[in-house]
Structures are given as structure tokens and as C-alpha cells.
Amino acid sequence: MILLRNFLVRGSSRQFFNGAANKLARNPMLKSASFSSIARTNVANGTNVSNLLLSLNKSRNVHTSRILKQSSTILADSIGNSSRTNAKQLLSSKIVGYWLIGTSGLVFGIVILGGLTRLTESGLSIVEWKPVTGAIPPLNQEEWEKEFEKYQTSPEFKELNSHIDIDDFKFIFFMEWFHRLWGRGIGVVFILPAIYFAATKKTTSHVNVRLFGLTCLLGLQGVIGWWMVYSGIDKKQLDERKSKPTVSQYRLTTHLGAAFCLYMGMIWTGYNILREIKLVGNPRKALETIKLLDSSKILKLRKASIHMLLFTFLTAMSGGMVAGLDAGLIYNSFPKMGATWFPSSRELMDPNYARAADKSDLWWRNLFENPTTVQLIHRILGVSTFCAVFGLHMVCVKKKHLIPKSANNTVRAMMGLVTLQVALGISVLIYIVPVSLAAIHQAGALALFTSSVVFAAQMRKPRLPVRNVITVLNKQLDSKTAQKGSKILSEAAKFK
């Protein structure tokens, strides 16, 4: 009887368990061959209900964790691919950044060459503007004589250089010709690669807009150059200014300012391309840099970087006014101007420079056309720039833990450059503008301006889209780090 009862109970239990197993296997959450096989195996072996449910639950947990792990891997890969795709769309090629910085070096060179052309009084030797055919110099004696005859009709030859012969003319001609040729070379080196990079999509739309603006400025610079030269060969303009044959200081400074702006645009764009690539390449360090730049503790310092950029530009432009008026040839002493600290008010505001009958233009014409006043302004701006850079340097030393290390290094370089620049300016003045020192002084002005551009770029926050990509990449790294940590722990648990 007992055997019969056990058989009936066992048989009915087997039927019950088979039905339960089939029902569980049809569940969408538990629909797996492993679940049904575990249930049937346990039923066949006569396992009780509690053991069966424990086995099913364990299998379900393992299977669910496997699905979640696969899903998280797929999601992480998706996020990673998406972030990498976004990065490619947001970032220009590294070669574009290097190309822009390299081209800015050519602009640096032409600024120095332009200064030498001015210092050797060669800028008015070519009295025609031929943007294309002017690239070819005279190739034989006959062509040289024709070019010399054209120059002989200019006011500069008639009033200042009537004593020179054709050999002297060749020197000043080549100085101006090479300056113009260098400008044409910059146009080729900049415009053709810009078209190629845009066509091959090595540049983003953000960078393409800047390249288009720089191309327009480059073309405009050529027009400004001839506009400047024409002011020195047009007799009517010279008579209106009551000037010897020389270019207008206003146009000279405009030409210099456009060159500085072109140079700044190339440096700024190229540096930011390389900077963004570096930040995205190392998102951990990038996040630390962003946190530093987002801090309210350096907000004033970030604003000061822009002010310093404008201040160094203004000082350099006042130097252009000094060069245009030959104001460095007077008051060749420092710190005093002659026997006194400042010239007399009568000399600083000379009525002879006013052109209006009521003398209403007395102030501004003396500020921009009186060599004595222009030199005093340049002295004041030069000393003020030194003091401003020194103050900025001291603040950065005090807050060096709050700003990026690269910005700290740039400020140190800026401090060295401004010290050298002041020494060069004083030397140029004392030795009455020797060509070599004056050219180095102009190079020093551009080098100091370069450091202020780089510092302002370093203190600038990255663009919002780039910040978003960096954030996603950091989250992806955190996820991968957590997965590696869990694997290590699971492997370590096996040895317990």
C-alpha cells in the first residue's frame, strides 16, 4: 500500500511539475531553452518544488545578467561610436592646424620685411600696381632702364633721390619687389590649401567660415598695400598733407594693423584646432582643464587676457604711427625727452598742425600727426604695457594653481618678451634708429603680441559641442573602468 501511494504521489507530482515547467518556459521573461531543460531535468529526477524554483530563479538571474551585460556593452559601443563620430564632425584635421600656424610664420616674416622696406626707404620704388605680371622683375638692361624712368617721374626721386643711379635703384626696387612677391606667395600658400581642405572635408564648417574671412582679409591686405603706396607717390595728397614724399602714417598703420589681424586669425584658429584635438584625445585631463577655466576665481583673469591682447595691439599700432612720422629720430634720450621729462605744452599741441580755420582739429591732429606727441604716446603705452604684463605675471604666480600650466608658461614668456622689447625700444631711440635694431624691435612687438594671443586662447573656454563630447567620453571611460573593476573582483572571488 505504501509503495502504491508513493507511486501515485510521484506520478501526479511529475505531471504537475511538467505542466509548471512548460508554463514557465512560455513566459517571455524566462523563455529560454535552459529554463525548460532545467525544469524537466529536475522533474525527471524527482526534485521537490522548492529546489526546482531555486534552480529556475538562479538560471533566470544568470541569463538576465548576461542580457544586461550584452546590452550595456552594445550601448557603450554605441555611445563610443557616436561620440567618436561627433568628434570627427566637430574637429578639423591636425594638419590644418599645423598649416595655419606655419602660414602665420610667413606673415610674421613679411611684417619684418615690410619694416626693412620702410627703414631702407624702398617702399616707393615701384610706382605701378600689377598684381599678376608684377611678379616678374626686369630681366634685361632695357627693362631696367624703363623701370628706372618710371621711378624718375615720382616725387620721391625728384625731391629726395635725384642723386641715385640705376644700380642704387636696383637695390631699393628689389626690396619692394621681394616684399610684394612674398605677399603673393602667402596668397598661394594659404588659398590653394584652404580650398583643398574644404573640398576634402578636412575642415569643419566652423573653421571654413574663418578661413573664408581670412582669405578676404588677405586679399584686402594687398589692396591696402597699394592704397598706402599711392599716398606717397601722388603729388596732390602730399601737398594736402604738406609732407615730403612718404606714405601716410594712417595708411601705414592700417596696413600694419591688417597684417597683425591676419596673423592673429591664423594663430588663433590653428592653435584652437590643435587644442581641441588634444582635449578630446585626453578627456580626463581635458575635464580638469575645463573645471579650472569654469572657476569663478579666474573670471577676472580671463577678462584680463583679452584686455592684454588689445593693449599689446594698441601699443604696436602706436609704433606704426611713430614709424610713419619718423618720430624716432627726435628726442633720442630716455627716460627724459631732452632736458625735461615732458616737452612743453606748446610743442605737444602745436597750432601749426591744425588745418581748420577755427582750430577745432587741433587736439586730434596733434595726437596723430605731431611727431613729438606721437612719440610721447608711444613711450607712455610702452611703459604701461610693461607694467600691465608685470602685474599679470604676478597675479598668475599667485594663482598658478588655479590656471592651466600652459597658460602659466605663456605668461612667463610674455614677461621675458616685454622686458626685451622695452630694452630694444630704448636702444633704438638712443642709437637713432639703426636699421638692424629697429627691425628686431618690430619683430619683438609681434612676438609679444603672439604671446598675448596664445595666452588669451589658453584662457578661453572650449566650445560647447567640444565640451559635450568630452563629457560623453569621460562617462564612457568611467563605464569601462567599472566593468574592468567588476571583472577583477569576479576573478578574485574564484580563488576564495
Next item on the list: Test T269 against the criterion of being surrounded by 21 or more Cβ atoms within 10 Å (Cβ to Cβ) and among the polar types (S, T, N, Q), and give yes or no.
Entry: yes
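Kindly indicate which of K130, K170 is in a helix (DSSP H, G or I) and either outside the structural domain of S436 (by TED's automatic domain parsing) or of a type in the set (D, E, K, R) (or both).
On the way: K130 fails: in a helix (DSSP H, G or I).
One residue alone meets the criteria, K170.
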Item checked: segment 317-348, residues that are more than 20 Å from Y431 (Cα to Cα) and among the aliphatic types (A, V, I, L, M) -> M317, L348
Next item on the list: Please tell me if L287 is part of a helix (DSSP H, G or I) and surrounded by fewer than 19 Cβ atoms within 10 Å (Cβ to Cβ).
Entry: yes
Checklist line | Failed condition for T246, given (1) under 22 Å from the mean Cα position of the chain (by Cα); (2) buried (at least 21 other Cβ atoms within 10 Å of the Cβ); (3) β-branched (V, I, T) | finding: (1)
Notebook entry, point to check: Is segment 93-102 home to any residue that is touching a residue at least 40 places away in the same chain (Cβ under 8 Å), of a type in the set (V, I, T), within 30 Å of G219 (Cβ to Cβ) and part of a loop (DSSP other than H, G, I, E, B)?
Noted result: no
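Residues checked against (1) assigned by TED's automatic domain parsing to the domain that holds G391; (2) part of a strand (DSSP E or B); (3) closer than 30 Å to I403 by Cα; (4) modelled with pLDDT under 95:
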position	(1), (2), (3), (4)
L301	yes, no, yes, yes
F311	yes, no, yes, no
T315	yes, no, yes, no
G319	yes, no, no, no
V322	yes, no, no, no
G328	yes, no, no, yes
F334	yes, no, no, yes
P343	yes, no, no, yes
E347	yes, no, no, yes
Check: Here are I186, I164: which of them is more than 17 Å from Y230 (Cβ to Cβ), out of contact with any Lys or Arg (no Cβ under 9 Å at 6 or more places or on another chain), surrounded by 12 or more Cβ atoms within 10 Å (Cβ to Cβ) and modelled with pLDDT of 95 or more?
Finding: I186
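Out of all the residues in segment 216-226, which are free of Cβ contacts under 8 Å to residues at least 40 places away in the same chain and in contact with a helix residue (DSSP H, G or I) (Cβ under 6 Å, 6 or more places away or on another chain)?
In the first step, residues of segment 216-226 are kept if they are free of Cβ contacts under 8 Å to residues at least 40 places away in the same chain; the result is 216, 219-220, 223-224.
Listed by number, the list holds a single entry, I224.
The values are calculated or read from the model by the stated rules, or taken from the named source; none is laboratory data. All values reported here derive from a predicted model rather than from experimental measurement. A quick note on method: Cβ atoms are made from the backbone with ideal geometry, for glycine too, and the neighbour counts reach across all protein chains shown.
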